[in-house]
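First the structure, in the form of structure tokens, and then the observations on it.
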Amino acid sequence: ADNSYDFALLHLVYHDAYWESEKYSFPRAEPAEYLASLFRAMKPGGTVGVIDHVGPAGDARQVVEAMHRIDPETVKADFAKAGFILEAEGDFLSDPADDHSKNVFDPAIRGKTDRFVMKFRKPA
């Protein structure tokens, strides 16, 4: 329901708003529609946390398809367009040894990816 959540956490899933797979029956989504729905569901002043795999800049759908990563700047822009305010970022899940050109499921980096953490708020 609208204005019903104080907090939501998107842990390693926001990139999937750009992913689609016929093989896995995962239909194409529209990130703007997803975030509009999330915005409506959050109470004024509600917080959304986002943790995801750092990806390179470029076409988000192509990057996600190839690597299951997302450019942090894409996330910031998407949330800003939806009306959320970026309140904080953390680098405590950063891993400078991660090769951003590898798929997150590559055995060499699986479970050891460079990750970003962001805190967004719906204006009160």
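When both residues are 6+ apart or on different chains and their Cβ atoms are under 7 Å apart, which pairs have a first residue that lies in region 6-17 and is on the phi > 0 side of the Ramachandran plot, and a second that is in a strand (DSSP E or B) and open to solvent by less than 10 Å² (accessible area, probe 1.4 Å)?
Listed pairs, sorted by first residue: 12/52.
Take region 1-43 and flag every residue that is assigned to a strand (DSSP E or B) and in contact with a helix residue (DSSP H, G or I) (Cβ under 6 Å, 6 or more places away or on another chain).
The initial filter retains those residues of region 1-43 that are assigned to a strand (DSSP E or B), namely 5-11, 21, 26, 42-43.
5, the sole residue that qualifies.
If you scan region 82-117, which residues turn out to be buried (at least 18 other Cβ atoms within 10 Å of the Cβ), over 20 Å from residue 43 (Cβ atoms) and among the aromatic types (Phe, Trp, Tyr)?
116
From the list 120, 79, which one is buried (at least 19 other Cβ atoms within 10 Å of the Cβ), touching a helix residue (DSSP H, G or I) at 6+ places or on another chain (Cβ under 9 Å) and part of a strand (DSSP E or B)? Full working, then the answer.
On the way: 79 fails: part of a strand (DSSP E or B).
The conditions single out 120.
Name the one entry in 28, 110, 115, 69 that is free of Cβ contacts under 8 Å to residues at least 12 places away in the same chain and under 13 Å from residue 12 (Cα atoms).
110
Could you grab the pairs with beta carbons closer than 7 Å, sequence gap of 6+ or different chains, first residue in region 38-55 and on the phi > 0 side of the Ramachandran plot, second one buried (at least 18 other Cβ atoms within 10 Å of the Cβ)?
Final answer for the pair search is 45/122.
What are the residues in region 45-76 that are acidic (Asp, Glu) and assigned to a strand (DSSP E or B), if any?
Once the filter is applied, which keeps residues that are acidic (Asp, Glu) and assigned to a strand (DSSP E or B), region 45-76 yields only 52.
The values are calculated or read from the model by the stated rules, or taken from the named source; none is laboratory data. These numbers were taken from a predicted model, which means no experiment stands behind them. Don't worry about glycine lacking a Cβ; one is built from the backbone with ideal geometry, like all the others, and counts go over all protein chains shown. All accessible areas refer to the heavy atoms of the entire protein, side chains included, with ligands and DNA or RNA removed. Shrake-Rupley method; radii C 1.70, N 1.55, O 1.52, S 1.80 Å.
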